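I have placed the structure first, in the form of structure tokens, so that the comments after it can refer back to it.
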There are 2 protein chains.
Amino acid sequence: MQKPTLPKGTRDFGPEQMRNRLFIFDTIRHTFKRFGFQPLETPSMENLSTLTGKYGNEGDQLLYKILNSGDYAAGLTELDLASGSKKLTPSIAEKGLRYDLTVPFARYVVMNRNNLPMPFKRYQMQPVWRADRPQKGRYREFYQCDADVVGTDSLLCEAEIVLMIDDVFRNLGIDYTLKVNNRKILAGIAEVIGVPGQEATLSVAIDKLDKIGRDKVQDELRERGFSDETLTKLSPLFAFSELPLDQVLVQLTTWLGASETARIGIAELQEMIQLVGQYGLADAPIEFDPTLARGLSYYTGAIFEVKARGVSIGSISGGGRYDNLTGTFGMPGLSGVGISFGVDRIYDVMEELKLFPAGVGQGTQVLLIPFDLEARSVALPLLSQLRESGVAAEVYPDLTKVKKMMDYANAKAIPYVVLIGSEEVQTGLLSVKNMVTGEQTKMTADAVLSLLTL
Amino acid sequence: MQKPTLPKGTRDFGPEQMRNRLFIFDTIRHTFKRFGFQPLETPSMENLSTLTGKYGNEGDQLLYKILNSGDYAAGLTELDLASGSKKLTPSIAEKGLRYDLTVPFARYVVMNRNNLPMPFKRYQMQPVWRADRPQKGRYREFYQCDADVVGTDSLLCEAEIVLMIDDVFRNLGIDYTLKVNNRKILAGIAEVIGVPGQEATLSVAIDKLDKIGRDKVQDELRERGFSDETLTKLSPLFAFSELPLDQVLVQLTTWLGASETARIGIAELQEMIQLVGQYGLADAPIEFDPTLARGLSYYTGAIFEVKARGVSIGSISGGGRYDNLTGTFGMPGLSGVGISFGVDRIYDVMEELKLFPAGVGQGTQVLLIPFDLEARSVALPLLSQLRESGVAAEVYPDLTKVKKMMDYANAKAIPYVVLIGSEEVQTGLLSVKNMVTGEQTKMTADAVLSLLTL
């Protein structure tokens with residue numbers, strides 16, 4: 001007899017984990033909705049022609065491919081086989097699993113371009129799959145929760161991203177830091193230090209500042225051909241992380257004033273902060289981080305990344321402004337800004353900091369235990385009344401030992417148990433046990449209903 | 001430039017469809033929760049060793065298989081290729097996509113057998129995938145919403161299935177008929193007509209009664225070796241569908257009284273109905289249907305199927321009692337009963353009968369339109385207040401022509417628009433337009449807040 005197992009890098013989510021996860025999903029959805037984002041779901045499977053080439057070479061290799069149905073091998077020859085897996089794949093697999101929510105969103109926008117009101121604001125909360133090497137915190141199936149607005153370059157949208165981040169994490173009880181940057185500032189830095197257009201190379205190196213320190217970042221830049229003069233000019237960069245945001249902006253302007261691009265980037269950042277203030281959020285924990293890049297190639301303006309305070313878990317949310325989401329599908333020039341919440345990491349943060357509210361873990365609120373068939377005639381109508389009042393309620397379905405039934409209530413952390421025997425049927429007074437305090441009291445069915453619908 | 005397309009048999013769900021779908025999901029989840037079922041999610045991918053052989057030969061062919069990562073073809077020889085697709089598959093694909101929620105549930109129960117409180121009640125709402133030929137109402141990716149309780153054979157569970165069906169469809173506003181049968185009654189019929197043990201063969205034929213009529217059912221049974229005498233004995237079967245449930249039970253007892261198995265099945269049916277009454281649901285639209293089988297092999301007791309009245313759409317829910325869910329994974333004798341709701345068909349029913357409540361389609365409730373930058377200083381704080389009060393609210397992000405902004409509100413069916421120009425900033429009286437009636441009134445920001453949080 002086979003012992004069943006789970007595929008590597010995948011997980012079951014049992015009742016307690018699910019209730020906590022649903023709390024996170026509901027909180028994020030609540031924010032998305034109130035900010036006017038509309039739900040979208042796309043299929044798990046996409047044509048490989050849609051997915052391939054969108055995530056770089058490494059991404060292509062991490063795509064899960066689905067074997068064609070039917071006699072997929074019928075036309076294959078020895079030659080096909082000899083050509084190797086990579087070349088063989090297109091002959092036997094036409095479809096792949098979603099790798100992120102951005103490419104399917106872009107595909108959807110292009111396919112529905114004539115029917116979408118612009119600006120188009122959508123949110124999407126679905127799993128994605130990556131054939132990555134599994135490790136702690138990295139799974140082969142995980143959820144993304146994205147909100148994007150496309151069809152406008154208004155900085156109000158960047159401001160609303162900041163507001164949504166604050167709304168979500170405040171509602172979850174997570175103390176966070178929002179790091180912001182702007183591609184145009186990075187481009188301005190590259191200009192000012194004498195390597196215009198090389199902000200991508202620059203950002204790859206300075207992105208590692210946290211991990212490897214200033215000296216090693218400079219070594220890496222030297223290896224990539226940055227001169228000592230260039231590196232000297234770069235030195236103001238390493239002083240910013242310690243300063244408050246308003247001072248950073250003043251110093252940035254002094255340092256990068258010669259670059260028109262940088263001035264635009266700084267102005268965008270300033271306007272975004274000012275707008276956030278107009279919305280009434282004056283004290284958002286925003287930090288400017290000139291080393292923040294998040295795979296730069298994609299972003300053209302603001303870049304966002306959120307970390308939770310008090311834990312050493314990677315970023316729990318990130319996003320930014322892009323200008324060419326749908327270009328690869330033949331619809332150029334669509335500007336937008338988006339944010340993605342990482343549910344799995346948010347879960348880890350909340351678990352480590354014990355932030356899940358006690359009530360969230362609560363499933364069934366009351367278990368009715370009738371001791372015999374007669375007692376059922378009292379238990380079942382009460383059960384229906386409780387459920388109609390919105391109370392999650394169960395009856396123990398078998399007539400068995402009291403201990404076994406109480407163990408069941410304890411195992412499910414059910415806070416109240418109502419015991420109904422022949423005495424209770426006669427007197428109409430049911431025995432209600434508070435499973436937390438151990439206290440047991442007698443009350444009528446109506447009183448039970450009142451107690452639980454308080 | 002490629003034109004993107006969707007894989008055949010898959011769908012995008014845009015904002016309006018999603019809001020309706022979420023209404024269905026939320027309604028079903030609301031019922032599951034109140035009945036004490038706990039959420040479970042399993043991975044989309046399962047090992048093919050878990051899935052294969054569980055759904056019959058046809059099912060195995062309909063499984064989506066996932067190509068192994070890396071150089072999957074490395075060890076393949078010409079011989080492997082020549083052996084054909086079916087034999088080749090295990091060498092290049094270890095994983096497949098979930099085909100239903102039952103087998104993953106069984107795997108989960110077996111893997112967690114020592115930690116699950118029994119009876120274990122779980123619900124699961126996730127997509128499943130089948131490489132079926134797409135046709136109207138049949139998709140390659142669709143959601144199932146299942147609730148099962150395992151570890152008890154109490155008929156209270158069957159009664160609660162009936163209650164949950166009623167709760168879900170009443171809350172959705174769907175007028176339904178619940179058809180019930182019992183495997184033991186089918187077995188009893190086979191005994192009484194002289195073909196004991198052949199209830200599976202019998203049920204395959206009589207299951208088609210609706211579609212092909214009595215004569216053709218008899219023809220088919222004759223072909224399958226049923227004698228004329230047997231068929232004569234079967235004739236009472238064809239009279240039941242017209243009778244009320246209590247009369248059916250009387251007649252069934254008369255007809256099948258000689259079979260102990262049938263008597264048990266009838267008694268189970270009677271007890272279930274009686275319990276449903278004790279719960280307070282006396283008028284459930286239950287019909288006995290002795291032709292109901294639903295792929296019989298699986299079920300051992302009660303069998304359920306729900307159809308919506310007033311439309312010709314197949315069953316929208318189904319389930320039953322089984323005795324050996326986990327036997328195939330080495331854990332025999334676990335009895336349970338489950339119900340599955342078909343969200344896609346429920347959606348079709350509700351759309352055809354126009355049952356979605358008007359409010360469900362509602363996303364954003366109010367659009368703020370500031371005409372200039374100064375007006376934003378009035379709009380943005382109001383926007384934040386609205387959202388904090390739980391109102392889905394948007395600001396039009398660009399300063400553009402009024403017509404364009406009103407078109408946006410109309411396209412998104414936003415019921416209220418608040419127009420803010422220099423006059424409004426000066427007087428503090430904002431212009432509020434009801435987009436349904438066309439009526440326009442002036443009011444303070446506080447009054448707008450009151451209007452929308454009523």
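Details
- Residue in the stretch A:51-61 that is surrounded by 19 or more Cβ atoms within 10 Å (Cβ to Cβ) and more than 8 Å from chain B (Cβ to nearest Cβ) present: yes
- In the stretch A:396-408 there is at least one residue matching the filter, namely being under 22 Å from residue A:438 (Cα atoms), touching a helix residue (DSSP H, G or I) at 6+ places or on another chain (Cβ under 9 Å) and facing another protein chain (nearest Cβ under 9 Å).
- Matching entry among A:380, A:386 (being aliphatic (A, V, I, L, M), buried (at least 20 other Cβ atoms within 10 Å of the Cβ) and facing chain B (nearest Cβ under 7 Å)): A:380
- Candidate set from the stretch A:154-191 (those that are without any contact (Cβ under 8 Å) to a residue 40 or more places away in the chain and within 12 Å of chain B (Cβ to nearest Cβ)); member that is surrounded by the fewest Cβ atoms within 10 Å (Cβ to Cβ): A:170
- Answer from B:109, B:103 - the residue that is more than 7 Å from chain A (Cβ to nearest Cβ), in contact (Cβ under 8 Å) with a residue 60 or more places away in the chain, among the β-branched types (Val, Ile, Thr) and assigned to a helix (DSSP H, G or I): B:109
- Residues located in the stretch B:70-127, provided they are under 28 Å from residue B:140 (Cβ atoms) and small (Gly, Ala, Ser): B:70, B:73, B:83, B:84, B:85, B:91, B:93, B:96, B:106
- Against the list (1) in contact with a Ser or Thr (Cβ under 6 Å, 6 or more places away or on another chain); (2) over 30 Å from residue A:411 (Cβ atoms); (3) not polar (S, T, N, Q), the condition residue B:74 fails is (1).
- Helices (runs of 4 or more DSSP H) (entirely within the stretch A:52-93) containing at least 1 residues that are closer than 22 Å to residue B:90 by Cβ and of a type in the set (Asp, Glu): A:78-82
- Within the stretch A:369-376, the presence of at least one residue that is in a loop (DSSP other than H, G, I, E, B) and not acidic (Asp, Glu) is confirmed.
- Residue match in the stretch A:379-398 (condition: among the aromatic types (Phe, Trp, Tyr) and within 20 Å of residue B:154 (Cβ to Cβ)): yes
- The stretch B:192-202, residues that are under 35 Å from the mean Cα position of the chain (by Cα) and without any contact (Cβ under 8 Å) to a residue 60 or more places away in the chain: B:196, B:197, B:198, B:201, B:202
- Only one of the numbered conditions (1) surrounded by 24 or more Cβ atoms within 10 Å (Cβ to Cβ); (2) farther than 30 Å from residue B:354 by Cβ; (3) modelled with pLDDT of 95 or more is violated by residue B:151, and that is (1).
- Positions within the stretch B:1-37 being part of a loop (DSSP other than H, G, I, E, B), buried (at least 19 other Cβ atoms within 10 Å of the Cβ) and touching a residue at least 24 places away in the same chain (Cβ under 8 Å), in sequence order: B:7, B:9, B:10, B:35, B:36, B:37
- Selection count where residues are of a type in the set (Ser, Thr, Tyr), at pLDDT below 95 and touching a helix residue (DSSP H, G or I) at 6+ places or on another chain (Cβ under 6 Å), scope the stretch B:97-132: 0
- Applying the criterion of being crowded, with 23+ Cβ neighbours inside 10 Å and of a type in the set (Val, Ile, Thr) to the residues of the stretch B:277-325, the residue that is farthest from residue B:261 (Cα to Cα) is B:316.
- Condition met for residue A:82 (of a type in the set (Gly, Ala, Ser) and modelled with pLDDT of 95 or more): no
- In summary, helices (runs of 4 or more DSSP H) completely within the stretch A:220-279 and bearing 2 or more residues that are over 19 Å from residue A:194 (Cβ atoms), under 32 Å from the mean Cα position of the chain (by Cα) and modelled with pLDDT of 95 or more occur at A:260-278.
- Matching residues in the stretch B:409-420 - criterion: being in contact with a Pro (Cβ under 8 Å, 6 or more places away or on another chain) and either more than 13 Å from chain A (Cβ to nearest Cβ) or in contact (Cβ under 8 Å) with a residue 12 or more places away in the chain (or both): B:412, B:420
- Scanning the stretch B:69-97 for residues that are crowded, with 19+ Cβ neighbours inside 10 Å and more than 8 Å from chain A (Cβ to nearest Cβ) turns up just one, B:96.
- Hits in the stretch A:407-422 - residues which are surrounded by fewer than 19 Cβ atoms within 10 Å (Cβ to Cβ) and within 13 Å of residue A:376 (Cα to Cα): A:421, A:422
- Top-ranked residue of the stretch A:112-122 - restricted to ones that are part of a loop (DSSP other than H, G, I, E, B) and of a type outside the set (Lys, Arg), ranked as farthest from the other protein chains (Cβ to nearest Cβ): A:114
The values are calculated or read from the model by the stated rules, or taken from the named source; none is laboratory data. Computed from a predicted model, the values in this text were never measured in an experiment. Backbone-built Cβ (ideal geometry, glycine too); neighbour counts: all protein chains shown.
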